[in-house]
Amino acid sequence: MVKEDLTAIYAESFKKNWALPALSDYGDNGSTITYGELAKRIARLHIFFESQGVKAGDKIALCGRNKTTWVTAYIATITYGAVIVPVLQDFNAQDAQHIINHSDAVLLFVSNSVFENLDFDEMPALKAALSLDTRRVLAERGDQEQMPSRVLKNLTRKLKSRYRNGFSREDVKYAILDKHAIAELNYTSGTTGFSKGVMLTFDNLAGNVVFGINSRLHYPGSRVLSFLPLAHAYGCAFDMLTPLATGSHITLFGRLPSPKLLVKAMREVKPNLIVTVPLVLEKIYKNQIVPMITKQPMRWALAIPFLDKAIYGKIRSRLVEAFGGEFEEVIVGGAPLNKEVEEFLHRIKFPFTVGYGMTECGPLISYTPWREFVPQSCGMTLPGIMQSKIESEDPETIPGEICVKGQNVMAGYYKNQEATAGVLDEDGWLHTGDMGVRSENGTLFIRGRYKTMILTASGQNVYPEEIESKLNNMPYVSESLVVERGKGLIAIVYPDYEQMDREKLTIVDMEPIMEGVRQDLNKIVAPYERIEHIQLIPNEFEKTPKRSIKRYLYR
(Lines give C-alpha, C1' and ligand atoms only; values in the text may rest on other atoms or scores of the structure.)
Protein backbone atom coordinates (compact mmCIF):
# COMPACT_ATOMS: atom_id res chain seq x y z
CA MET A 1 0.00 0.00 0.00
CA VAL A 2 1.27 3.48 -0.83
CA LYS A 3 1.07 6.11 1.91
CA GLU A 4 1.31 9.36 -0.08
CA ASP A 5 -1.56 11.85 -0.04
CA LEU A 6 -2.82 12.71 -3.51
CA THR A 7 -3.17 16.46 -2.93
CA ALA A 8 0.32 16.63 -1.37
CA ILE A 9 1.74 14.92 -4.46
CA TYR A 10 0.42 17.70 -6.70
CA ALA A 11 1.41 20.54 -4.39
CA GLU A 12 4.97 19.20 -4.33
CA SER A 13 5.07 18.62 -8.10
CA PHE A 14 3.80 22.11 -8.97
CA LYS A 15 6.39 23.74 -6.71
CA LYS A 16 9.26 21.54 -7.83
CA ASN A 17 8.47 21.81 -11.56
CA TRP A 18 7.30 25.45 -11.44
CA ALA A 19 9.09 26.62 -14.61
CA LEU A 20 8.66 23.42 -16.66
CA PRO A 21 6.01 23.19 -19.42
CA ALA A 22 2.92 21.41 -18.13
CA LEU A 23 0.13 21.53 -20.73
CA SER A 24 -0.23 22.29 -24.44
CA ASP A 25 -3.23 22.02 -26.74
CA TYR A 26 -2.18 20.21 -29.92
CA GLY A 27 -2.30 22.41 -33.00
CA ASP A 28 -2.72 25.60 -30.96
CA ASN A 29 0.61 27.43 -31.26
CA GLY A 30 1.63 29.33 -28.17
CA SER A 31 -0.87 27.60 -25.89
CA THR A 32 1.69 25.97 -23.58
CA ILE A 33 1.41 26.78 -19.88
CA THR A 34 3.96 26.00 -17.17
CA TYR A 35 3.35 24.25 -13.88
CA GLY A 36 3.43 27.64 -12.20
CA GLU A 37 0.73 29.00 -14.51
CA LEU A 38 -1.34 25.85 -13.98
CA ALA A 39 -1.10 26.30 -10.20
CA LYS A 40 -2.19 29.94 -10.56
CA ARG A 41 -5.22 28.97 -12.66
CA ILE A 42 -6.13 26.39 -10.04
CA ALA A 43 -5.92 29.06 -7.33
CA ARG A 44 -8.34 31.25 -9.35
CA LEU A 45 -10.83 28.40 -9.57
CA HIS A 46 -10.53 27.71 -5.84
CA ILE A 47 -11.56 31.33 -5.19
CA PHE A 48 -14.48 30.86 -7.59
CA PHE A 49 -15.56 27.66 -5.81
CA GLU A 50 -15.51 29.50 -2.48
CA SER A 51 -17.69 32.28 -3.90
CA GLN A 52 -20.26 29.71 -4.99
CA GLY A 53 -20.34 28.02 -1.60
CA VAL A 54 -18.82 24.80 -2.88
CA LYS A 55 -17.88 22.55 0.04
CA ALA A 56 -15.61 19.54 0.33
CA GLY A 57 -17.54 16.57 -1.05
CA ASP A 58 -19.71 18.63 -3.41
CA LYS A 59 -19.83 17.33 -6.98
CA ILE A 60 -18.53 19.24 -10.01
CA ALA A 61 -19.25 17.79 -13.47
CA LEU A 62 -16.88 18.08 -16.42
CA CYS A 63 -17.72 17.31 -20.04
CA GLY A 64 -15.64 18.09 -23.11
CA ARG A 65 -12.71 17.07 -25.25
CA ASN A 66 -9.12 16.84 -24.00
CA LYS A 67 -7.76 20.35 -23.53
CA THR A 68 -5.93 22.53 -21.04
CA THR A 69 -9.10 23.93 -19.46
CA TRP A 70 -10.44 20.38 -18.93
CA VAL A 71 -7.31 19.35 -17.03
CA THR A 72 -7.31 22.58 -15.00
CA ALA A 73 -10.93 22.09 -13.91
CA TYR A 74 -10.26 18.47 -12.92
CA ILE A 75 -7.16 19.16 -10.82
CA ALA A 76 -8.69 22.30 -9.27
CA THR A 77 -11.69 20.25 -8.14
CA ILE A 78 -9.81 17.41 -6.45
CA THR A 79 -7.22 19.69 -4.82
CA TYR A 80 -10.11 21.76 -3.41
CA GLY A 81 -11.63 18.62 -1.88
CA ALA A 82 -14.68 18.51 -4.11
CA VAL A 83 -15.65 15.47 -6.19
CA ILE A 84 -15.00 15.54 -9.94
CA VAL A 85 -17.59 13.91 -12.23
CA PRO A 86 -16.06 13.41 -15.71
CA VAL A 87 -18.75 12.89 -18.36
CA LEU A 88 -17.78 11.53 -21.75
CA GLN A 89 -18.56 14.09 -24.42
CA ASP A 90 -19.72 11.19 -26.60
CA PHE A 91 -22.65 10.43 -24.32
CA ASN A 92 -25.94 11.52 -25.86
CA ALA A 93 -27.56 14.58 -24.25
CA GLN A 94 -30.15 12.55 -22.36
CA ASP A 95 -27.53 10.27 -20.77
CA ALA A 96 -25.24 13.21 -19.97
CA GLN A 97 -28.06 15.06 -18.20
CA HIS A 98 -28.99 11.91 -16.29
CA ILE A 99 -25.41 11.57 -15.04
CA ILE A 100 -25.18 15.25 -14.06
CA ASN A 101 -28.45 15.01 -12.13
CA HIS A 102 -27.74 11.58 -10.61
CA SER A 103 -24.35 12.77 -9.36
CA ASP A 104 -25.90 15.83 -7.64
CA ALA A 105 -23.41 18.13 -9.40
CA VAL A 106 -23.56 21.80 -8.37
CA LEU A 107 -21.32 23.14 -11.17
CA LEU A 108 -20.69 22.04 -14.75
CA PHE A 109 -17.63 22.76 -16.89
CA VAL A 110 -18.59 21.98 -20.47
CA SER A 111 -17.64 22.46 -24.13
CA ASN A 112 -19.94 24.82 -26.03
CA SER A 113 -20.80 22.13 -28.61
CA VAL A 114 -21.92 19.76 -25.85
CA PHE A 115 -23.91 22.39 -23.95
CA GLU A 116 -25.90 23.29 -27.08
CA ASN A 117 -27.68 19.94 -26.74
CA LEU A 118 -28.27 20.13 -22.98
CA ASP A 119 -31.27 21.69 -21.23
CA PHE A 120 -30.08 23.74 -18.25
CA ASP A 121 -33.63 23.92 -16.87
CA GLU A 122 -33.65 20.12 -16.62
CA MET A 123 -30.56 20.18 -14.35
CA PRO A 124 -31.97 22.09 -11.35
CA ALA A 125 -29.11 21.37 -8.90
CA LEU A 126 -26.58 23.24 -11.06
CA LYS A 127 -25.64 26.75 -9.99
CA ALA A 128 -23.83 27.40 -13.26
CA ALA A 129 -22.52 25.94 -16.49
CA LEU A 130 -19.10 27.31 -17.47
CA SER A 131 -17.53 27.11 -20.93
CA LEU A 132 -14.30 25.15 -21.38
CA ASP A 133 -13.82 27.01 -24.67
CA THR A 134 -14.30 30.66 -23.67
CA ARG A 135 -14.15 30.45 -19.84
CA ARG A 136 -17.46 32.30 -19.70
CA VAL A 137 -20.71 31.44 -17.96
CA LEU A 138 -23.15 29.72 -20.32
CA ALA A 139 -26.06 29.58 -17.87
CA GLU A 140 -26.52 30.38 -14.20
CA ARG A 141 -28.90 30.72 -11.30
CA GLY A 142 -28.50 32.14 -7.80
CA ASP A 143 -28.50 35.35 -5.80
CA GLN A 144 -27.50 38.53 -7.61
CA GLU A 145 -24.48 39.35 -5.43
CA GLN A 146 -22.67 36.05 -6.01
CA MET A 147 -23.87 35.32 -9.54
CA PRO A 148 -21.12 33.26 -11.22
CA SER A 149 -20.77 35.66 -14.18
CA ARG A 150 -20.20 38.60 -11.80
CA VAL A 151 -17.64 36.67 -9.75
CA LEU A 152 -15.73 35.55 -12.86
CA LYS A 153 -15.31 39.18 -13.99
CA ASN A 154 -13.68 40.04 -10.67
CA LEU A 155 -11.53 36.91 -10.24
CA THR A 156 -8.27 38.59 -11.28
CA ARG A 157 -8.83 41.35 -8.74
CA LYS A 158 -9.73 38.84 -6.04
CA LEU A 159 -6.59 36.82 -6.79
CA LYS A 160 -4.37 39.91 -6.50
CA SER A 161 -6.09 40.88 -3.28
CA ARG A 162 -5.47 37.47 -1.75
CA TYR A 163 -1.85 37.17 -2.96
CA ARG A 164 -0.61 40.73 -2.61
CA ASN A 165 2.98 39.84 -3.49
CA GLY A 166 1.93 37.84 -6.52
CA PHE A 167 1.09 34.13 -6.61
CA SER A 168 4.32 32.16 -6.09
CA ARG A 169 5.30 28.55 -5.61
CA GLU A 170 5.24 29.06 -1.82
CA ASP A 171 1.50 29.76 -2.14
CA VAL A 172 0.76 26.27 -3.50
CA LYS A 173 -0.86 24.62 -0.49
CA TYR A 174 -3.64 22.07 -0.67
CA ALA A 175 -5.53 20.61 2.28
CA ILE A 176 -4.67 17.05 3.24
CA LEU A 177 -7.96 15.19 2.85
CA ASP A 178 -9.31 11.93 4.19
CA LYS A 179 -7.78 9.23 1.97
CA HIS A 180 -11.06 7.34 1.96
CA ALA A 181 -13.12 10.35 0.89
CA ILE A 182 -14.54 10.27 -2.64
CA ALA A 183 -12.39 12.14 -5.16
CA GLU A 184 -14.11 11.11 -8.39
CA LEU A 185 -17.39 9.73 -9.64
CA ASN A 186 -16.67 7.99 -12.94
CA TYR A 187 -19.73 6.71 -14.75
CA THR A 188 -19.07 3.48 -16.62
CA SER A 189 -20.06 3.19 -20.26
CA GLY A 190 -20.62 -0.54 -20.01
CA THR A 191 -22.04 -2.85 -22.63
CA THR A 192 -25.00 -3.87 -20.46
CA GLY A 193 -26.99 -0.73 -21.16
CA PHE A 194 -26.80 0.56 -17.58
CA SER A 195 -24.36 3.25 -16.47
CA LYS A 196 -23.14 3.17 -12.84
CA GLY A 197 -21.25 5.85 -10.92
CA VAL A 198 -17.96 4.36 -9.70
CA MET A 199 -16.84 6.02 -6.45
CA LEU A 200 -13.05 6.40 -6.57
CA THR A 201 -11.35 7.64 -3.41
CA PHE A 202 -8.26 9.80 -3.05
CA ASP A 203 -6.49 6.59 -1.97
CA ASN A 204 -7.64 4.73 -5.10
CA LEU A 205 -6.19 7.45 -7.34
CA ALA A 206 -3.01 7.70 -5.25
CA GLY A 207 -2.43 3.95 -5.65
CA ASN A 208 -2.44 4.32 -9.44
CA VAL A 209 -0.38 7.52 -9.48
CA VAL A 210 2.34 6.37 -7.08
CA PHE A 211 2.70 3.09 -8.98
CA GLY A 212 3.18 5.11 -12.17
CA ILE A 213 5.79 7.30 -10.47
CA ASN A 214 7.70 4.37 -8.96
CA SER A 215 7.62 2.51 -12.29
CA ARG A 216 9.10 5.62 -13.94
CA LEU A 217 6.39 5.63 -16.58
CA HIS A 218 6.85 9.42 -16.62
CA TYR A 219 9.56 11.75 -15.29
CA PRO A 220 10.41 15.50 -15.24
CA GLY A 221 10.47 16.82 -18.80
CA SER A 222 9.15 13.65 -20.43
CA ARG A 223 6.65 14.15 -23.25
CA VAL A 224 3.08 12.84 -23.32
CA LEU A 225 0.57 12.83 -26.18
CA SER A 226 -2.82 12.53 -24.50
CA PHE A 227 -5.31 11.20 -27.06
CA LEU A 228 -7.41 8.75 -25.04
CA PRO A 229 -10.50 10.44 -23.52
CA LEU A 230 -9.47 11.83 -20.14
CA ALA A 231 -12.99 11.09 -18.90
CA HIS A 232 -11.95 7.41 -18.95
CA ALA A 233 -10.04 6.11 -15.95
CA TYR A 234 -7.25 4.68 -18.17
CA GLY A 235 -6.31 7.87 -19.99
CA CYS A 236 -6.98 9.95 -16.88
CA ALA A 237 -4.53 7.99 -14.69
CA PHE A 238 -1.62 7.62 -17.10
CA ASP A 239 -1.99 10.49 -19.59
CA MET A 240 -2.82 13.12 -16.95
CA LEU A 241 -2.66 12.27 -13.24
CA THR A 242 0.71 10.49 -13.28
CA PRO A 243 2.43 12.90 -15.72
CA LEU A 244 1.33 15.93 -13.67
CA ALA A 245 2.73 14.27 -10.55
CA THR A 246 6.17 13.93 -12.15
CA GLY A 247 6.70 17.14 -14.13
CA SER A 248 5.94 15.79 -17.60
CA HIS A 249 4.83 17.95 -20.53
CA ILE A 250 1.36 16.85 -21.71
CA THR A 251 0.19 17.69 -25.22
CA LEU A 252 -3.59 17.32 -25.33
CA PHE A 253 -4.93 15.85 -28.56
CA GLY A 254 -8.55 16.97 -28.59
CA ARG A 255 -9.49 15.59 -31.99
CA LEU A 256 -10.97 12.30 -33.13
CA PRO A 257 -7.91 10.01 -32.87
CA SER A 258 -7.75 8.38 -36.30
CA PRO A 259 -4.52 6.39 -36.87
CA LYS A 260 -3.42 8.79 -39.66
CA LEU A 261 -3.78 11.91 -37.48
CA LEU A 262 -2.23 10.18 -34.48
CA VAL A 263 0.86 9.11 -36.41
CA LYS A 264 1.33 12.72 -37.56
CA ALA A 265 0.95 14.03 -34.00
CA MET A 266 3.34 11.42 -32.59
CA ARG A 267 6.02 12.34 -35.09
CA GLU A 268 5.70 15.96 -33.99
CA VAL A 269 5.42 15.46 -30.22
CA LYS A 270 7.75 12.42 -29.96
CA PRO A 271 6.17 11.05 -26.76
CA ASN A 272 8.34 9.11 -24.30
CA LEU A 273 5.50 6.74 -23.38
CA ILE A 274 2.46 5.78 -25.43
CA VAL A 275 -0.74 4.72 -23.70
CA THR A 276 -3.24 3.35 -26.20
CA VAL A 277 -6.11 0.99 -26.87
CA PRO A 278 -5.81 -2.08 -29.13
CA LEU A 279 -7.81 -0.50 -31.97
CA VAL A 280 -4.96 1.83 -32.95
CA LEU A 281 -2.37 -0.98 -33.25
CA GLU A 282 -4.85 -3.34 -34.89
CA LYS A 283 -5.79 -0.84 -37.61
CA ILE A 284 -2.14 -0.09 -38.40
CA TYR A 285 -1.41 -3.82 -38.54
CA LYS A 286 -4.39 -4.66 -40.76
CA ASN A 287 -4.12 -1.68 -43.12
CA GLN A 288 -0.35 -1.29 -43.45
CA ILE A 289 1.48 -4.43 -42.33
CA VAL A 290 -0.76 -7.28 -43.52
CA PRO A 291 -0.88 -6.10 -47.18
CA MET A 292 2.93 -5.91 -47.15
CA ILE A 293 3.76 -9.30 -45.56
CA THR A 294 1.13 -11.28 -47.50
CA LYS A 295 2.54 -10.46 -50.93
CA GLN A 296 4.09 -13.55 -52.50
CA PRO A 297 7.69 -12.22 -52.80
CA MET A 298 7.60 -11.11 -49.16
CA ARG A 299 6.23 -14.47 -48.03
CA TRP A 300 9.10 -16.22 -49.79
CA ALA A 301 11.62 -13.87 -48.23
CA LEU A 302 10.20 -14.39 -44.74
CA ALA A 303 10.60 -18.15 -45.15
CA ILE A 304 14.39 -17.77 -45.51
CA PRO A 305 16.37 -17.97 -42.23
CA PHE A 306 18.25 -14.79 -41.24
CA LEU A 307 16.57 -12.83 -44.04
CA ASP A 308 13.32 -12.88 -42.05
CA LYS A 309 15.09 -11.24 -39.09
CA ALA A 310 16.35 -8.43 -41.30
CA ILE A 311 12.85 -7.84 -42.72
CA TYR A 312 11.23 -7.93 -39.30
CA GLY A 313 13.88 -5.48 -38.08
CA LYS A 314 12.97 -3.03 -40.84
CA ILE A 315 9.26 -3.34 -40.09
CA ARG A 316 9.98 -2.74 -36.40
CA SER A 317 12.04 0.37 -37.22
CA ARG A 318 9.25 1.75 -39.40
CA LEU A 319 6.69 1.19 -36.63
CA VAL A 320 8.92 2.77 -33.99
CA GLU A 321 9.48 5.80 -36.24
CA ALA A 322 5.73 6.07 -36.92
CA PHE A 323 5.14 6.41 -33.16
CA GLY A 324 7.68 9.21 -32.80
CA GLY A 325 10.83 7.14 -32.37
CA GLU A 326 11.61 8.19 -28.79
CA PHE A 327 9.26 6.13 -26.61
CA GLU A 328 10.28 3.56 -24.02
CA GLU A 329 7.23 1.36 -24.55
CA VAL A 330 3.64 1.20 -25.76
CA ILE A 331 1.13 0.20 -23.08
CA VAL A 332 -2.00 -1.41 -24.50
CA GLY A 333 -5.13 -1.53 -22.34
CA GLY A 334 -8.85 -0.89 -22.24
CA ALA A 335 -9.71 -4.04 -24.22
CA PRO A 336 -8.05 -7.33 -25.25
CA LEU A 337 -5.37 -7.07 -27.95
CA ASN A 338 -5.98 -9.23 -31.02
CA LYS A 339 -3.82 -12.38 -30.64
CA GLU A 340 -2.53 -12.34 -34.21
CA VAL A 341 -1.45 -8.71 -33.84
CA GLU A 342 0.16 -9.45 -30.48
CA GLU A 343 2.09 -12.44 -31.86
CA PHE A 344 3.41 -10.41 -34.78
CA LEU A 345 4.49 -7.46 -32.60
CA HIS A 346 6.25 -9.88 -30.24
CA ARG A 347 7.96 -11.60 -33.18
CA ILE A 348 9.45 -8.35 -34.47
CA LYS A 349 10.43 -7.33 -30.89
CA PHE A 350 8.28 -4.20 -30.88
CA PRO A 351 8.43 -2.61 -27.38
CA PHE A 352 4.86 -3.09 -26.18
CA THR A 353 3.13 -4.52 -23.13
CA VAL A 354 -0.48 -5.26 -22.25
CA GLY A 355 -1.99 -4.11 -18.96
CA TYR A 356 -5.31 -4.88 -17.33
CA GLY A 357 -7.68 -2.70 -15.40
CA MET A 358 -11.22 -1.47 -15.01
CA THR A 359 -12.92 1.77 -13.99
CA GLU A 360 -13.70 0.18 -10.62
CA CYS A 361 -9.95 0.12 -9.86
CA GLY A 362 -9.18 3.57 -11.18
CA PRO A 363 -8.10 1.59 -13.35
CA LEU A 364 -4.94 -0.48 -12.87
CA ILE A 365 -4.94 -4.13 -11.73
CA SER A 366 -1.92 -5.64 -13.50
CA TYR A 367 1.07 -4.51 -15.56
CA THR A 368 4.53 -5.75 -16.55
CA PRO A 369 7.26 -3.70 -18.32
CA TRP A 370 7.67 -4.77 -21.95
CA ARG A 371 11.02 -6.54 -21.45
CA GLU A 372 9.42 -8.95 -18.93
CA PHE A 373 6.03 -9.14 -20.63
CA VAL A 374 4.66 -12.67 -21.10
CA PRO A 375 2.81 -12.99 -24.44
CA GLN A 376 -0.97 -13.47 -24.18
CA SER A 377 -0.93 -12.24 -20.59
CA CYS A 378 -2.09 -8.88 -19.27
CA GLY A 379 0.71 -8.37 -16.80
CA MET A 380 1.44 -9.16 -13.19
CA THR A 381 -0.94 -8.16 -10.41
CA LEU A 382 0.49 -4.94 -8.96
CA PRO A 383 2.84 -6.05 -6.14
CA GLY A 384 2.17 -4.40 -2.79
CA ILE A 385 -0.97 -2.67 -4.09
CA MET A 386 -3.34 -5.33 -5.44
CA GLN A 387 -4.08 -9.02 -4.87
CA SER A 388 -5.77 -11.38 -7.31
CA LYS A 389 -7.34 -14.81 -7.25
CA ILE A 390 -9.20 -17.07 -9.68
CA GLU A 391 -12.44 -18.72 -8.63
CA SER A 392 -11.51 -22.10 -10.05
CA GLU A 393 -10.48 -25.52 -8.73
CA ASP A 394 -7.22 -25.14 -10.68
CA PRO A 395 -6.45 -21.42 -11.16
CA GLU A 396 -3.43 -22.05 -13.38
CA THR A 397 -5.20 -24.16 -16.01
CA ILE A 398 -8.98 -23.94 -15.58
CA PRO A 399 -10.50 -20.49 -16.21
CA GLY A 400 -12.55 -18.93 -13.47
CA GLU A 401 -13.71 -15.44 -12.56
CA ILE A 402 -10.88 -13.03 -11.77
CA CYS A 403 -11.31 -11.39 -8.36
CA VAL A 404 -9.11 -8.57 -7.07
CA LYS A 405 -8.56 -6.81 -3.78
CA GLY A 406 -6.40 -3.90 -2.62
CA GLN A 407 -5.78 -0.18 -2.57
CA ASN A 408 -7.14 0.57 -6.04
CA VAL A 409 -10.56 -1.05 -5.51
CA MET A 410 -13.45 1.43 -5.51
CA ALA A 411 -15.64 2.34 -2.54
CA GLY A 412 -18.73 1.19 -4.47
CA TYR A 413 -21.35 2.50 -6.90
CA TYR A 414 -22.92 5.88 -6.07
CA LYS A 415 -26.44 5.55 -4.67
CA ASN A 416 -26.60 1.91 -5.77
CA GLN A 417 -26.05 -0.53 -2.90
CA GLU A 418 -27.57 -3.41 -4.83
CA ALA A 419 -25.08 -3.10 -7.70
CA THR A 420 -22.23 -2.64 -5.21
CA ALA A 421 -23.18 -5.82 -3.33
CA GLY A 422 -23.28 -7.63 -6.67
CA VAL A 423 -19.55 -7.11 -7.30
CA LEU A 424 -17.94 -6.42 -3.87
CA ASP A 425 -18.15 -9.31 -1.42
CA GLU A 426 -17.91 -9.11 2.37
CA ASP A 427 -14.16 -9.76 2.33
CA GLY A 428 -13.48 -6.85 -0.01
CA TRP A 429 -12.91 -8.92 -3.18
CA LEU A 430 -14.08 -7.23 -6.37
CA HIS A 431 -15.59 -9.73 -8.79
CA THR A 432 -14.44 -8.39 -12.17
CA GLY A 433 -16.71 -10.41 -14.44
CA ASP A 434 -13.63 -11.43 -16.47
CA MET A 435 -12.70 -15.08 -16.87
CA GLY A 436 -9.08 -16.16 -16.86
CA VAL A 437 -6.22 -18.07 -15.31
CA ARG A 438 -3.32 -16.93 -13.11
CA SER A 439 0.28 -18.05 -12.86
CA GLU A 440 1.94 -18.58 -9.48
CA ASN A 441 3.60 -15.13 -9.53
CA GLY A 442 0.28 -13.34 -10.11
CA THR A 443 0.44 -12.90 -13.91
CA LEU A 444 -3.08 -12.87 -15.34
CA PHE A 445 -4.31 -14.39 -18.60
CA ILE A 446 -7.83 -13.33 -19.64
CA ARG A 447 -10.06 -15.64 -21.67
CA GLY A 448 -13.23 -13.57 -21.92
CA ARG A 449 -16.14 -12.05 -20.02
CA TYR A 450 -18.16 -14.19 -17.64
CA LYS A 451 -21.42 -12.76 -19.03
CA THR A 452 -20.48 -13.49 -22.66
CA MET A 453 -19.21 -17.04 -22.09
CA ILE A 454 -21.31 -19.60 -23.97
CA LEU A 455 -21.89 -23.06 -22.52
CA THR A 456 -22.44 -25.33 -25.52
CA ALA A 457 -24.75 -28.35 -25.69
CA SER A 458 -21.65 -30.56 -25.39
CA GLY A 459 -20.69 -28.88 -22.10
CA GLN A 460 -17.77 -26.83 -23.49
CA ASN A 461 -17.09 -23.26 -22.38
CA VAL A 462 -16.75 -21.00 -25.42
CA TYR A 463 -15.30 -17.52 -25.12
CA PRO A 464 -16.65 -15.64 -28.17
CA GLU A 465 -13.94 -12.94 -27.91
CA GLU A 466 -11.30 -15.54 -28.83
CA ILE A 467 -13.16 -16.54 -32.01
CA GLU A 468 -13.90 -12.90 -32.90
CA SER A 469 -10.22 -12.06 -32.56
CA LYS A 470 -9.38 -14.56 -35.32
CA LEU A 471 -12.35 -13.63 -37.50
CA ASN A 472 -11.60 -9.88 -37.37
CA ASN A 473 -8.23 -10.49 -39.04
CA MET A 474 -9.79 -12.19 -42.05
CA PRO A 475 -10.41 -10.49 -45.42
CA TYR A 476 -13.56 -8.38 -45.81
CA VAL A 477 -14.31 -8.47 -42.06
CA SER A 478 -14.42 -5.14 -40.24
CA GLU A 479 -16.04 -6.25 -36.97
CA SER A 480 -17.79 -9.34 -35.68
CA LEU A 481 -19.81 -10.84 -32.85
CA VAL A 482 -20.17 -14.54 -32.12
CA VAL A 483 -23.49 -15.55 -30.55
CA GLU A 484 -25.42 -18.73 -29.88
CA ARG A 485 -28.49 -19.37 -32.04
CA GLY A 486 -30.35 -22.59 -31.38
CA LYS A 487 -27.71 -25.18 -30.51
CA GLY A 488 -24.96 -23.71 -32.68
CA LEU A 489 -22.75 -20.67 -33.04
CA ILE A 490 -23.15 -17.99 -35.68
CA ALA A 491 -21.02 -14.94 -36.44
CA ILE A 492 -22.60 -11.55 -37.07
CA VAL A 493 -20.25 -9.58 -39.34
CA TYR A 494 -20.08 -5.95 -40.34
CA PRO A 495 -18.11 -6.22 -43.60
CA ASP A 496 -15.18 -4.05 -44.64
CA TYR A 497 -17.01 -1.78 -47.09
CA GLU A 498 -13.83 0.14 -47.93
CA GLN A 499 -12.19 -3.04 -49.22
CA MET A 500 -15.38 -3.99 -51.05
CA ASP A 501 -15.47 -0.58 -52.76
CA ARG A 502 -11.84 -0.86 -53.83
CA GLU A 503 -12.55 -4.24 -55.42
CA LYS A 504 -15.98 -3.17 -56.78
CA LEU A 505 -17.81 -5.90 -54.84
CA THR A 506 -21.50 -5.79 -53.92
CA ILE A 507 -23.27 -7.30 -50.94
CA VAL A 508 -24.47 -10.09 -53.27
CA ASP A 509 -20.85 -10.96 -54.04
CA MET A 510 -20.15 -11.31 -50.32
CA GLU A 511 -22.24 -14.44 -49.73
CA PRO A 512 -19.80 -16.94 -51.33
CA ILE A 513 -16.82 -14.94 -50.03
CA MET A 514 -18.12 -15.14 -46.45
CA GLU A 515 -18.72 -18.87 -46.83
CA GLY A 516 -15.02 -19.18 -47.69
CA VAL A 517 -14.13 -17.04 -44.66
CA ARG A 518 -16.27 -19.29 -42.47
CA GLN A 519 -14.52 -22.41 -43.73
CA ASP A 520 -11.08 -20.85 -43.20
CA LEU A 521 -12.05 -19.79 -39.68
CA ASN A 522 -13.28 -23.26 -38.77
CA LYS A 523 -9.88 -24.70 -39.69
CA ILE A 524 -8.12 -22.68 -37.00
CA VAL A 525 -10.58 -22.92 -34.09
CA ALA A 526 -11.42 -25.85 -31.83
CA PRO A 527 -14.17 -28.21 -33.06
CA TYR A 528 -16.61 -26.88 -30.44
CA GLU A 529 -15.87 -23.29 -31.57
CA ARG A 530 -16.83 -23.80 -35.21
CA ILE A 531 -19.24 -21.35 -36.79
CA GLU A 532 -22.33 -22.65 -38.60
CA HIS A 533 -23.25 -19.45 -40.42
CA ILE A 534 -22.10 -15.87 -41.02
CA GLN A 535 -24.79 -13.20 -40.97
CA LEU A 536 -23.92 -9.86 -42.57
CA ILE A 537 -25.28 -6.57 -41.22
CA PRO A 538 -25.41 -3.29 -43.20
CA ASN A 539 -24.49 -0.90 -40.37
CA GLU A 540 -21.79 -0.74 -37.72
CA PHE A 541 -22.54 -2.39 -34.39
CA GLU A 542 -24.05 -0.03 -31.87
CA LYS A 543 -21.34 0.92 -29.40
CA THR A 544 -20.76 2.57 -26.06
CA PRO A 545 -18.87 5.89 -25.98
CA LYS A 546 -15.77 3.77 -25.20
CA ARG A 547 -16.30 2.07 -28.58
CA SER A 548 -17.21 -1.31 -27.07
CA ILE A 549 -19.98 -3.19 -28.87
CA LYS A 550 -23.27 -3.29 -26.97
CA ARG A 551 -23.40 -7.07 -27.08
CA TYR A 552 -26.73 -7.34 -25.27
CA LEU A 553 -28.48 -5.83 -28.32
CA TYR A 554 -27.44 -8.72 -30.55
CA ARG A 555 -28.11 -11.79 -28.45
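Antiparallel beta bridges, as assigned by DSSP with both residues in the chain, represent about 55 percent of the total such bridges. By accessible area, using a 1.4 Å probe on protein heavy atoms only, the chain has 50% of its surface on carbon and sulfur. With 23 Å as the limit, write out which pairs from Lys40/Lys179; Lys3/Lys405; Lys286/Lys339; Lys405/Lys451 have Cα-Cα distances beyond it, or answer none. Long pairs (Cα-Cα over 23 Å): Lys40/Lys179. Give the lysines whose C-alpha is closer than 16 Å to that of Lys55, dropping any in the same chain fewer than 8 places away, or say none. Hits, sequence-local ones excluded: Lys127. Note on Leu302 and Ser31: with the Förster distance fixed at 45 Å, the Cβ-Cβ geometry gives a FRET efficiency of about 0.50.
Per residue, the chain exposes 46 Å² of solvent-accessible protein surface, assessed with a 1.4 angstrom probe and all protein chains in place. When the charge dipole of the chain is built from unit charges on Cβ atoms (+1 for Lys and Arg, -1 for Asp and Glu) and taken about the Cα centre, the candidate among Val269, Asn204, Ile182 whose Cα reaches farthest toward its positive end is Val269.
Among beta bridges identified by DSSP and lying wholly in the stretch 113-264, the antiparallel ones come to about 65 percent. At q = 0.10, 0.13 Å⁻¹, what is the base-10 log of I(q)/I(0) for the chain according to the Debye formula with one equal point scatterer per Cα and no solvent? Please give it to two decimals. Here log10 of I(q) over I(0) equals -0.88, -1.42.
The values are calculated or read from the model by the stated rules, or taken from the named source; none is laboratory data. Quick caveat: nothing in here was measured; it's all calculated off a predicted structure. Here Cβ is always computed from backbone atoms with ideal geometry, including for glycine, and neighbour counts include all displayed protein chains. Side chains included, ligands, DNA and RNA excluded: accessible areas come from the protein's heavy atoms. Shrake-Rupley method; radii C 1.70, N 1.55, O 1.52, S 1.80 Å.
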